[in-house]
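The values are calculated or read from the model by the stated rules, or taken from the named source; none is laboratory data. From a predicted model like this one, the values you see are computed outputs, not experimental measurements. Heads up, the Cβs are rebuilt from the backbone with ideal geometry, glycines too, and the neighbour counts pull from every protein chain shown.
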């Protein structure tokens with residue numbers, strides 16, 4: 001009889017409990033899926049006399065033929081659709097793409113044409129001819145403004161890849177500010193090349209500060225291959241991307257969700273000398289970490305996509321490594337030496 005009474009009380013309370021839960025837990029909808037991918041040398045097969053692209057031509061050492069080029073395009077299509085799952089990502093930031101043409105081929109010569117992607121691209125002054133760019137689904141994202149941010153070095157006429165800035169509205173009507181990056185490489189040593197990445201970080205920080213001054217609580221997403229890790233000077237000191245206090249965010253502060261990926265989740269987007277690390281980072285403004293704001297995300301909504309088809313056995317070290325397109329000058333037939341990263345945004349329904 002006692003159990004029956006408890007059961008009757010529970011039945012009485014369930015409707016009230018359900019109503020209370022609806023009052024205190026906001027209903028949400030997925031607002032956007034945004035990914036970034038270093039495509040590892042997506043070059044076309046034609047010689048550009050103004051760029052150092054001779055390495056990737058049909059009659060040179062890497063024997064970069066139309067067949068291999070088309071295979072590469074198909075691989076990138078596979079990666080993008082796999083990250084999206086049932087639905088392709090709304091926005092795809094990319095780096096190591098030679099020009100606009102390779103992006104046009106990607107969305108027209110592969111099944112990606114079914115997703116309705118459009119392109120944002122500006123030719124950068126990088127000597128090798130590799131740029132950053134963005135794909136967006138025109139029914140899911142409306143670009144309002146975009147421009148390249150030059151990264152130059154004092155006393156040096158050589159320039160590196162631009163930073164791409166895009167302001168746009170996602171399908172929920174919320175405005176986001178996106179920065180796509182590919183900072184100078186570590187070729188020549190980490191310490192010797194660090195000042196270049198610090199310079200890129202300082203230029204980016206200047207533009208971020210400008211957004212904080214012009215807008216109230218702007219929704220900022222920084223993504224890209226920074227060629228530095230979340231705990232390096234360029235990221236922590238110059239860009240001032242915090243790696244703590246995620247649960248008590250301040251809207252005018254940048255928070256590096258990639259630190260959480262690397263240090264807490266133990267994930268990596270790139271493997272060097274047997275060690276995984278997150279070079280491909282996602283950093284957000286604090287307003288996006290407030291789950292009471294209209295548009296938000298959480299730490300667990302940022303991931304490295306580690307699909308089995310993107311990995312192969314690491315013969316020199318333990319575990320697996322990214323399945324690359326080339327090993328030196330030897331064609332390997334894989335995807336990239338980097339893994340994609342992605343973030344999901346959600347919206348509280350009013």
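Some values worked out for this structure:
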{"read-out": "Set 63, 77, 37: member being at pLDDT 95 or above and over 23 Å from residue 304 (Cα atoms)", "value": "63"}
{"read-out": "Residues (surrounded by 16 or more Cβ atoms within 10 Å (Cβ to Cβ), part of a helix (DSSP H, G or I) and either at pLDDT below 95 or under 18 Å from the mean Cα position of the chain (by Cα) (or both)) located in the range 80-105", "value": "80, 81, 83, 84, 103"}
{"read-out": "Condition met for residue 119 (farther than 21 Å from residue 206 by Cβ and under 17 Å from the mean Cα position of the chain (by Cα))", "value": "yes"}
{"read-out": "Residues of the range 294-314 classified as touching a residue at least 40 places away in the same chain (Cβ under 8 Å), closer than 29 Å to residue 74 by Cα and out of contact with any helix residue (DSSP H, G or I) (no Cβ under 8 Å at 6 or more places or on another chain), total", "value": "2"}
{"read-out": "The range 119-129, residues that are part of a loop (DSSP other than H, G, I, E, B) and within 12 Å of residue 101 (Cα to Cα)", "value": "122, 123"}
{"read-out": "Residue that is farthest from the chain's Cα centre (by Cα) [pool: residues in the range 299-330 that are within 30 Å of residue 252 (Cβ to Cβ) and surrounded by 15 or more Cβ atoms within 10 Å (Cβ to Cβ)]", "value": "299"}
{"read-out": "Out of 102, 91, sole residue that is closer than 12 Å to residue 180 by Cβ, touching a residue at least 60 places away in the same chain (Cβ under 8 Å) and out of contact with any helix residue (DSSP H, G or I) (no Cβ under 6 Å at 6 or more places or on another chain)", "value": "91"}
{"read-out": "Residue match in the range 215-222 (condition: under 23 Å from residue 89 (Cα atoms), over 16 Å from the mean Cα position of the chain (by Cα) and in contact (Cβ under 8 Å) with a residue 60 or more places away in the chain)", "value": "yes"}
{"read-out": "Matching option when the condition is part of a helix (DSSP H, G or I) and touching a helix residue (DSSP H, G or I) at 6+ places or on another chain (Cβ under 9 Å), among 202, 210", "value": "202"}
{"read-out": "Selected residue (only one of 163, 203 is within 21 Å of the chain's Cα centre (by Cα) and buried (at least 22 other Cβ atoms within 10 Å of the Cβ))", "value": "163"}
{"read-out": "Qualifying strands (runs of 3 or more DSSP E) (wholly inside the range 137-198; at least 3 residues being more than 25 Å from residue 108 (Cα to Cα))", "value": "156-159, 175-182"}
{"read-out": "Scope the range 250-293; condition in contact with a helix residue (DSSP H, G or I) (Cβ under 7 Å, 6 or more places away or on another chain), assigned to a loop (DSSP other than H, G, I, E, B) and surrounded by 21 or more Cβ atoms within 10 Å (Cβ to Cβ); matching residues", "value": "268, 278"}
